[in-house]
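Data first, discussion second: the structure below is written as structure tokens.
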């Protein structure tokens, strides 16, 4: 057994986890307000392609990331306008966002299909820490955004559970009528967190483009990671810190098939192992379709339900 291959597998799992954590954090803060956004995959693709196009034109990584975030703000605002403003079905709106994001990214990305990424997010050089056995390549061989993502998850957890705005956010997802009776604006809270969630999702797509993808390819850039991020939200019980461990686990499951092939280990066919994260995702999405299952999983009580003041 080649230990270097397995070290690389663990390191890649943590790297992939960065996108999953960012996308799932966006979904967590959105769903904590009571709004479901199933459009994560489409938003990841839009973040990736717009970031690529801006970086290709300007050569500036920071400008590319900024524009990708702005795209997320716009898409999040569209989803909020439909689901909060017009009280459209949240499932349908989210799926429409997937179709829109996938189609538009394919259209505007067609001229650059196969082009190598114009800028790269490189790992930090942490000196002797990188040379530590196991921990060096696995924990200390990543870029600054990976470490910032861990801090962001901790900050999101503190915000949700240790601050008054976080308490109001959780109450909005569980009992919006109570928030409204106390003078809070349910619509404003849902709008704000849906937009913020969209920004995190497109940033996750742009990061993946510049840190992990070798070239732009609409079919292979995100490769279904957005759907896995939705499953991760449930896996983490809508808690940001739990999303870190779940993201690493899902990231590991995505990399293991390649490692098993390289090691010529045939305990299970690699295609069966590769199906695992997507099968879990499918099961979770089916479970989320029933109110009883959502309650058992610990979802916000009013998740997916529009708030109408006269009906409280």
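Just so you know, all these numbers are worked out from the coordinates, no wet-lab data involved. The shown structure was predicted, so the numbers you read here are calculated from the model rather than taken from an experiment. All Cβ positions, glycine included, derive from the backbone under ideal geometry; neighbour counts span all protein chains shown.
Quick rundown of the values:
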item	result
Extension gain (nm, one decimal) between residue 180 and residue 95, 0.36 nm per residue minus Cα-Cα	27.7 nm
Global form of the stretch 10-106, assessed from the alpha-carbon gyration tensor, a/c cut-off 1.5	oblate
Value of relative contact order over the chain, rounded to a whole percent, pairs C-alpha under 8 Å and six or more apart	36
Taking 163, 30, 130 and counting other C-beta atoms within 10 Å, the order from fewest to most	163, 130, 30
272, 28 arranged by Cβ crowding within 10 Å, fewest neighbours leading	272, 28
Relative exposure of 134, 252, 210, judged by other C-beta atoms within 10 Å (fewest first)	134, 252, 210
Fluctuation leader among 298, 183, 72 - the chain, Gaussian network, Cα springs under 10 angstrom	183
At R0 = 35 Å, FRET efficiency that the Cβ-Cβ distance of residue 57 and residue 124 yields, to 0.05	0.80
